[in-house]
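What follows is a set of notes on a single structure, which appears directly below.
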């Protein structure tokens, strides 16, 4: 997949913040999207990406996965960014053992190849240079060091650009 492409395929499983933190992150995403001509998308940490197949089967596997996961605490870290559309500007996520294990269990449950996992919460999607990234960094206040508790998976159909993604539903953790 071209890292500069604005399109994805298949389905994604997300961990989503809730409450006031979710609202603040969504407002940050909207503000950056308006200022730098980017898409608006839900605040999330991807647990597994680009899942292909029948939606019913993917939902069934997501339910199996949710039965194996305990509630997770997701800690927001420092600002980062890369020359990649979906990693243009983000908050890093502390790679704690529970989160890393959840990703490994997700790969096993879905039978996807083991790949390095670098969790993050994107604040802006786009193809930008370091100067724009630095302007974003100094223009706002970001919730580094804050955390959220997650006890469910959100399933999205992620075909095409981010503004066309569709939330299929959520699956609560039952462990």
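The values are calculated or read from the model by the stated rules, or taken from the named source; none is laboratory data. Just so you know, these numbers come straight off a predicted model, no measurement behind them. Neighbour counts are summed over all protein chains in view; Cβ atoms, including those assigned to glycine, are modelled from backbone coordinates with ideal geometry.
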Q: Could you identify the single residue in 46, 28 that is within 16 Å of residue 144 (Cα to Cα) and surrounded by 13 or more Cβ atoms within 10 Å (Cβ to Cβ)?
A: 28
Q) With 3, 70, 17 as the choices, which residue is at pLDDT below 95 and either assigned to a loop (DSSP other than H, G, I, E, B) or surrounded by 21 or more Cβ atoms within 10 Å (Cβ to Cβ) (or both)? A) 3
Q: Working carefully through the options 88, 106, find the one that is under 19 Å from residue 150 (Cα atoms) and under 16 Å from the mean Cα position of the chain (by Cα).
A: 106
Q | Residues satisfying the stated conditions in the range 158-175, i.e. crowded, with 18+ Cβ neighbours inside 10 Å and over 13 Å from the mean Cα position of the chain (by Cα) | A | 171
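To keep it simple, each residue is scored yes or no on (1) in contact (Cβ under 8 Å) with a residue 40 or more places away in the chain; (2) crowded, with 17+ Cβ neighbours inside 10 Å; (3) not in a helix (DSSP H, G or I).
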site	(1), (2), (3)
58	yes, yes, no
62	yes, yes, no
74	yes, yes, yes
83	yes, no, yes
95	no, no, yes
105	yes, no, no
108	no, no, no
114	no, no, yes
123	yes, yes, yes
